[in-house]
Amino acid sequence: MNSFAIADCTTVEAALSQLQDGAVVKAGGVDLLDRMKNGTDTPTRLVNIRNISELRGIRPTSEDLTIGALTTLGEIADDTTIRSQYAVLSDACGHAATPHIRNMATIGGNLLQELQCWYFRSADFQCLRKGKDICFAFSGLNQYHAIMDYGGCPSVAPSSGAVALLALDASVELVSSGNGKRTVAIKDFYVRPDANPHKFHVMRDDEILTAIHIPKPAAGMRSAYQKYGEKESHDWAIADAGIVLEMDGNICRRAVVAMGAASPVVRRSMEAEAALAGKPITPDTARAAGQASMTGAMPLSMNEYKVQLFPVAIYRTILLAAGQMDRDPSAAG
Amino acid sequence: MATHISDPVPDAVVASAANAAGPVTKTVSMPIGVPGYTLRDEERTVPASEPPVLPVNKDLQYIGKPVERWDGHLKVSGRARYTADVQLPGMLYASFVDASVPHARVVSIDTSEAERLPGVKAVHVIETVLGNAVLRNPALEKTRYPVVRYAGQPIAAVAATSQQAADEAADKVKVKYEALPFVVDQDVARAPNAALVFPGPADEAGTAGGGGGEGGSPQTGNIHGPTVKKHGDTEQGFKDADVIVDAHYKTQVQTHSALETHGVVADWKPDMLTVYASTQGTASVREELAAFFKLPKSQVRVITEFMGGGFGAKFGAGNPGVVAAALSRKTGAPIRLMLDREEEHLAVGNRPSSDQHLRIGAKKDGTITAIHLVSFGTAGCGTGAGCAGPASNLYKSAALHTEENDVFINAGPAAAFRAPGHPQGAFALEQSIDELAERLAIDPVDLRDRIDENPVRRVQRQVMRESAIWKSRNPHANADPGPIKRGVGFSQSVWYRFIDMSSSAEVRVHQDGSVEVLSAVQDIGSGIKTVLAQILAEQFGVPPAQISVKVGDTNYPVGPNSGGSVTTASLTPAVRDAAWQASQKFLASVAPALGTTPADLTLTAGMVRSASGKFQPIPFRSAASKMNTGEVSAQVKRIRDYAPKKYDTYGGVDVAEVAVDTETGRIHVKRVLSVHDCGRPMNPAQTISQINGGVTQGISYTLFEHRLLDPNYGIMVNANLDKYKIAGSYEIPQVEVILTESYIGQSSTDASGIGEAAGIISVGAAIGNAVYNATGVRIRQLPMTPAVVLAALNQPRPMTEAL
């Protein structure tokens, strides 16, 4: 790790004023310090926002639920309101990484963590995402990589939280000193590599992600998230599903099927959602939705198995959300 | 089969020379066999100086009891000082400069910028790199610097006043390479036109823990071998067979991934090189440093107070040891050199892969007529990928033919790794034996009863038959209707009795009644300190916690290197003999004050007693105050086994219950039963703890761990503990261990080790057999990831396999 200066800030204004000359924001530090230790990121100035208390906490407002960006994954997972009204989010935060990491990692940092592709994470590989013109995954080791929507970079979306927040139609609040405050929907927050491979999200270097807004739950809403890895303890998703169902009796009025580990940017499967809308939730409709989710899949040389795995993750999570199935032992972690 | 590390001078000869007047041997009756099953007495002729025969564990007070770990409180309270905790005055920190390419000649190394950085005290350019195989004809390669044969090979090292300064300076050392063609895929490396890792034949010497390959083997391209072993006529054997099982198996490279990385603190002084090392062999580190720097062994001291795991990869000084010592000599300051996790994956050892073609022929009654194994495996740019141990030693066969080949690739050299070759070999053999049982329509346990001559394994299978987990096994494969299918399978393991004759200890008794034991042996975490305390406790009747145990320092009498499960088997007899002899000296030293002769005195259960009734029994401590000297002591070295070559293997049976999710390809190990033997278990709690660890490591190897090298650039992509996946708490099932007390009459403690045989050998095949039982599909490839499992399940099933 290189030497660096660190500015400890206790207000957003102070932090914003420090954000210059290539300074980088540090919240929980979980992902940033990993990248600095890998030698892929070498910032010379860090702005520590972890001690800005106004950015921490879960606040129901009259319009929505607001979550401060520094709220930890552990705090979100344990929050009773979120557990009862937004199970998809408490599932996603409560099954990320390890208990130790969940106690340090913030939801803002979770959304902003960089791609987990091992070529991207290695200082030995200068890839497309780092501003060069080559991706090493297509002809290299790609068993954990994307199966759809990847353009020139098949790294997968790393954030479980983003899958849940996409399913919940959430948005993030970005603040900068010059331009004040703006709100961006999660669905518009990340940049697909086929649009611009050098940009991961729409945030500017002078902005700080301060809060997340989640709309009030619709009537009859049920939701769930499940992450499938090669193991349960501390593993990345090889398939995952964030499901929101708006039920009218036993008929699904509206369904959201969100996925993370399928593509570089969290995505919804309109095909899967269409397979559920207006129908009762049954093992058959759930399986049909799972199958529909793979429309357009183009697996790489080593990840054909994910095309088989995703429909299972999706149908089982639909049934979990609908209360027709227990949490999957393969997604217990 | 098992080769004993032999003592050049038989002890009996020494004894007869030394004790020409008295009897040199005595004949004793020793317990042999398994209590409750096969226990009986056998006679042994042993040196007259040996202590009385120990009864079986149930009749002892401290030995054989689950005594609390002697240093456990220091470990859990953070007070145990590991190598990385050592702080010496003026100590500098070192960091390696590692090769960034898999195969290259080093053209130049520019250290000038690094040397100018603040805090940097020295840069050392490596001229001899250790661990790699070495060309038989060095003239084939004339180079200024060692040729880089893998990405991560150390090239130089920097010493500075802080770790940060050393790391930054290491980044500033500029290495210019002339790239050479490389190969990191074993299959590609075997092709005739493959890039060559070595320009000619190359060999690697083994280490104290095994590993290395046969020197002088034939070499064709990157293929070093075969090493051929055979007995009988396998061709005839296959002709005689009613059934032939013919299968291919593939296993991956596993890295040791000990919690504590390799490292040393080296302190070079004019009269003494002192090295604190994370090592499995203080003796091996001293040996290598003395040889490398041409120092007398008496001027090299190695200290290992606590050790955070080695699993076979921590013998000798290695590159970290010699480089730290060289930097210490250069700077005149102590040097701390600890590897980081990436270096740990790349440069200090791994378990070789295997690609095995195994054929077994058998008669209708199960009699094996022929076993033929051809294996190829890669130990990177080293050797030692042989895996024929189980096929050669587990079952009797009329004919056996094994051919083991090492395939060189541009990756870090392998090292001994917990039961070298055996998890790979057993994964294939024990699945094929199950397959054979099915083809013969014989129960898999019954088949082993017919072909396995080992009497202890027979007892263990009986224990297993009576267990709930085995009774719950449905003999029909693929019986569950739903997507999640349950299955139970088992496998056997074999390991060997190795003795390190350089095993000695001193026991001292002080006038205040305190007793201590000293040996250079290192406690690598398996608990030898506790066991030594138990032996003295039994002898002197003092609780183990009150015994002083001083180990892990070459200033003490030489101890064994801890590899191949030798430590307990080798050292405990020497310690018991020393304790016994010290107790005799103690009685002699108190006899005058007690008004009697030594022959009238005994020390039992902590009391000094007079056979003639001269006085009422007095406590050991009170008697000690009557010693006629401040201290008595006895230093004893290991004597040969009482009956070498008798009962010279260990092993066990492991049973796994799995739930296979046929839709996700996930295998969940629900329960494991391990039934194992290791002679006399000295401390069942610690023995069980090692088996728990072996089972865990075996599950991790079977399902998750996989070193991944990018085929196009030759660089490991998962050199961390995040994407190099290791079983965590969710993946560890309920493990039940049943120890088979198995007396073999070999020494004054009759103890053996458990490290290798403890689960890791057999868990893979047990899971494989359980998965077959669950699904009717045999997985012959490791690790069994969802990708592998789903691909196997998607294969059309031949009718013969679908019961």
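The values are calculated or read from the model by the stated rules, or taken from the named source; none is laboratory data. On a predicted model such as this, the values are computed, not experimentally measured, just so you know. Note: ideal-geometry Cβ built from the backbone for every residue, glycine included; neighbour counts use all protein chains shown. Surface areas here come from the heavy atoms of the whole protein model, side chains and all, with no ligands, DNA or RNA. Shrake-Rupley method; radii C 1.70, N 1.55, O 1.52, S 1.80 Å.
Given the pairs B:229/B:250; A:130/B:314; B:65/B:550, which span a C-alpha to C-alpha distance of over 32 angstrom in this model?
A:130/B:314
Just for the Cα atoms in segment A:229-333, what are the lengths along the principal axes, largest first, rounded to whole Å?
The Cα atoms of segment A:229-333 stretch 41, 29, 22 Å along their principal axes.
Would you kindly find the accessible area of residue B:395, with a 1.4 Å probe and non-protein molecules such as ligands, DNA and RNA excluded, rounding to the nearest 10 Å²?
20 Å²
What list of ³J(HN,Hα) values in whole Hz, one per residue of segment B:165-170 in order, does the Karplus curve 6.51 cos²θ - 1.76 cosθ + 1.60 (θ = phi - 60°) give from phi, with Gly and Pro shown as x?
Result, rounded to whole Hz: 5, 5, 5, 5, 5, 4.
So what's chain B giving for Cα Rg divided by 2.2 N^0.38 Å, two decimals?
Numbers: Rg = 27.6 Å, N = 803, 2.2 N^0.38 = 27.9 Å.
Taking N as the residue count of chain B, the ratio is 0.99.
Can you work out ³J(HN,Hα) from phi for every residue in segment A:159-175, in order, using Karplus 6.51 cos²θ - 1.76 cosθ + 1.60 and θ = phi - 60°, giving whole Hz and x for Gly and Pro?
9, 5, x, 5, 4, 5, 5, 5, 4, 8, 6, 7, 9, 10, 9, 10, 10
I need the phi-derived Karplus couplings for segment A:250-263: 6.51 cos²θ - 1.76 cosθ + 1.60, θ = phi - 60°, integer Hz, Gly and Pro marked x.
Residue by residue, segment A:250-263 yields 9, 9, 7, 6, 8, 10, 10, 10, 10, 9, x, 7, 8, 8 Hz.
Quick one: dipole size for the protein assembly as shown, taken about the Cα centre, charges +1 on Lys/Arg Cβ and -1 on Asp/Glu Cβ, in debye to the nearest 20. Display every interim value, and only then the final one.
Working: 108 positive and 118 negative charges, 203 e Å.
Using only the charged Cβ atoms, the result is roughly 980 debye.
Counting only Cα atoms, I'd like the Rg/Rh figure for segment B:670-765, Kirkwood definition for Rh. The partial results should precede the final answer.
Values: Rg = 17.0 Å, Rh = 15.1 Å.
Rg/Rh for segment B:670-765 comes to 1.13.
Principal axis extents for segment B:12-121, Cα atoms only, whole Å, descending order, please.
In descending order, the Cα extents are 72, 42, 36 Å.
Over chain A, with every protein chain in place, what whole percent of the accessible area is carbon and sulfur at 1.4 Å, could you tell me? Mind showing how you got there, number by number?
On the way: 6410 of 12420 Å².
That fraction is 52 percent.
Within straight cross-link reach of residue A:231, meaning Cα distance under 16 Å, which aspartates and glutamates are found once same-chain residues fewer than 8 apart are removed?
Within the straight-line cut-off, residue A:231 pairs with A:240, A:328, B:661, B:663, B:705, B:722, B:731.
Relative to the present Cα-Cα distance, how much length would full extension add between residue B:734 and residue B:797 at 0.36 nm per residue of separation? Show your work: numbers first, answer last.
On the way: separation 63, 0.36 × 63 = 22.68 nm, distance 3.22 nm.
That works out to 19.5 nm of additional length.
Under 10 °C and 1.306 mPa s, how fast does segment A:12-136 diffuse according to Stokes-Einstein, given a Kirkwood radius computed over C-alpha pairs? Answer in µm²/s, whole number. It would help to have the intermediate numbers written out before the result.
Values: Rh = 16.1 Å.
Using the Kirkwood radius from Cα pairs, D works out to 98 µm²/s.
If each DSSP helix of 4+ residues adds -39,500 (n - 2.57) and the sum is divided by the residues in the protein assembly as shown, what number results at 222 nm, nearest 500 deg cm²/dmol?
On the way: 32 runs with 299 residues, N = 1136.
Mean residue ellipticity, 222 nm, calculated: -7500 deg cm²/dmol.
Based only on Cα atoms, what mean projected area does the convex hull of segment B:737-803 have, in nm²? Intermediate values should be presented prior to the final figure.
Numbers: hull surface 27.8 nm².
Averaging across all directions leaves 7.0 nm² for the Cα convex hull.
Would you mind computing Rg(Cα) / (2.2 N^0.38 Å) for segment B:84-167, counting N as its residues?
Details: Rg = 15.0 Å, N = 84, 2.2 N^0.38 = 11.8 Å.
Working it through for segment B:84-167, the quotient is 1.26.
Once you order the gyration tensor axes a ≥ b ≥ c over the Cα atoms, which shape class does chain A get: rounded for a/c under 1.5, otherwise prolate or oblate by comparing a/b with b/c?
On the way: a/c = 1.91, a/b = 1.28, b/c = 1.50.
Here chain A falls in the oblate category.
Radius of gyration and Dmax for the protein assembly as shown's Cα atoms, expressed in Å?
Cα-based Rg and Dmax for the protein assembly as shown come out at 32.0, 103 Å.
At a 1.4 Å probe, which residues in segment B:697-738 are at least 30 Å² less accessible with all protein chains present than in their chain isolated?
B:704, B:708, B:710, B:712, B:713, B:715, B:717, B:722, B:723, B:725, B:730, B:731
Which residues' amide hydrogens lie under 5 Å from the amide hydrogen of residue B:651, considering only partners 5 or more residues apart or on another chain, with H built in the peptide plane?
Counting only residues 5 or more places away or on other chains, the set is B:495, B:677.
If you take the beta carbon distance between residue A:202 and residue B:117 as r and set R0 to 30 Å, what does 1/(1 + (r/R0)^6) give as a FRET efficiency, to the nearest 0.05? Working shown, then result.
Values: r = 40 Å, r/R0 = 1.32.
Calculated value: 0.15.
Quick one: Cα centre-to-centre distance for segment B:412-452 and segment B:574-650, in angstrom?
47 Å
For segment B:404-528, what is the largest minus smallest coordinate of the Cα atoms on each principal axis, given in angstrom and ordered from greatest to least?
71, 47, 34
Between residue B:139 and residue B:439, what length in nm is gained on full extension when 0.36 nm per residue of separation is reduced by their alpha carbon distance? Let's see the in-between values first.
Numbers: separation 300, 0.36 × 300 = 108.00 nm, distance 5.46 nm.
Full-extension gain reported as 102.5 nm.
Based on Cβ point charges of +1 for Lys and Arg and -1 for Asp and Glu, what charge dipole magnitude is obtained for segment B:29-74 about its Cα centre, in debye rounded to the nearest 20? Before the final figure, lay out the partial values.
On the way: 5 positive and 7 negative charges, 29 e Å.
Dipole magnitude for segment B:29-74 comes out near 140 debye.
Apply the Kirkwood formula to segment B:347-478: the hydrodynamic radius equals the inverse of the mean of 1/r over all pairs of different alpha-carbon atoms; give it in Å with one decimal. If you can, show how the numbers build up before the last one.
Details: mean 1/r = 0.0619 Å⁻¹.
One over the average 1/r among Cα pairs gives 16.1 Å for segment B:347-478.
Tell me, what is the 1.4 Å probe accessible area of residue B:73, in Å² to the nearest 10?
Ignoring ligands and nucleic acids, residue B:73 comes out at about 90 Å².
State the percentage of accessible surface on chain B attributable to carbon and sulfur atoms; use a 1.4 Å probe and exclude ligands, DNA and RNA. Working shown, then result.
Details: 15120 of 28690 Å².
With neighbouring chains kept in place, the figure for chain B is 53 percent.
Using a 10 Å cut-off on Cβ to Cβ distances, tally the other chain neighbours for every residue of A:228-239 and report the average as a whole number.
Details: counts 5, 5, 12, 12, 7, 9, 7, 7, 3, 0, 5, 2.
Taking the mean over all residues of the peptide, I get 6.
Taking H as built 1.01 Å from N, whose amide H comes closer than 5 Å to the amide H of residue A:25, not counting residues under 5 places away?
Here A:47 satisfy the definition.
I'd like the accessible area for residue B:62: 1.4 Å probe, protein heavy atoms, all chains in place, Å² to the nearest 10.
40 Å²
Compare B:731, A:75 by solvent-accessible area with a 1.4 Å probe and give them largest first, with all protein chains kept in place.
A:75, B:731
If you take the charge dipole of segment A:39-88 about its Cα centre, with +1 on Lys and Arg Cβ and -1 on Asp and Glu Cβ, which of A:39, A:72, A:58 is farthest toward its positive end?
A:39
Report, please, the projected area of segment B:114-252 averaged over directions, based on the convex hull of its C-alpha atoms, in nm². Present the calculation step by step, with values, prior to reporting the outcome.
Working: hull surface 52.8 nm².
Taking a quarter of the hull surface, the average projection is 13.2 nm².
Between chains B and A, what is the buried accessible area in Å², counting both sides, with a 1.4 Å probe and ligands, DNA and RNA left out, to the nearest 100? Kindly include the intermediate steps, with their values, before the conclusion.
Values: alone 30220 and 13900 Å², together 41110 Å².
The B and A chains share an interface burying roughly 3000 Å².
Got a sec? Charge dipole of the protein assembly as shown, +1 on Cβ for Lys and Arg, -1 for Asp and Glu; which of B:787, B:118, A:156 is way out at the positive end?
Positive-end residue among those listed: B:118.
Would you mind checking which residues have amide H under 5 Å from residue B:411's amide H? H placed 1.01 Å from N; only 5 or more apart, or other chain.
B:381
Treating only the Cβ atoms of Lys and Arg (+1) and Asp and Glu (-1) as charged, compute the dipole magnitude of chain A about its Cα centre; round to the nearest 20 debye. Write down the numbers at each step before the final one.
On the way: 32 positive and 36 negative charges, 35 e Å.
Roughly 180 debye, rounded to the nearest 20.
Loop sites only, by DSSP: take the trypsin sites (Lys or Arg not before Pro) in chain A that have at most 13 other C-beta atoms within 10 Å and name the longest stretch containing none of them.
Numbers: sites that count: A:132, A:199, A:204.
Here the longest run is A:1-131.
Restricting to Cα atoms and excluding each atom paired with itself, what does the Kirkwood estimate give for segment B:578-630 in Å? It would help to have the intermediate numbers written out before the result.
Details: mean 1/r = 0.0932 Å⁻¹.
Evaluated over segment B:578-630, this radius sits at 10.7 Å.
Report, in whole Å, the centroid distance computed from the Cα atoms of segment B:338-364 and segment A:289-333.
Here the two parts' Cα centres lie 33 Å apart.
State in Å² the accessible area per residue of the protein assembly as shown; use a 1.4 Å probe, count heavy atoms of protein chains only, and round to the nearest integer. All intermediate terms of the calculation are to be shown ahead of the outcome.
Details: 41110 Å² over 1136 residues.
Normalised by residue count, the accessible surface of the protein assembly as shown is 36 Å².
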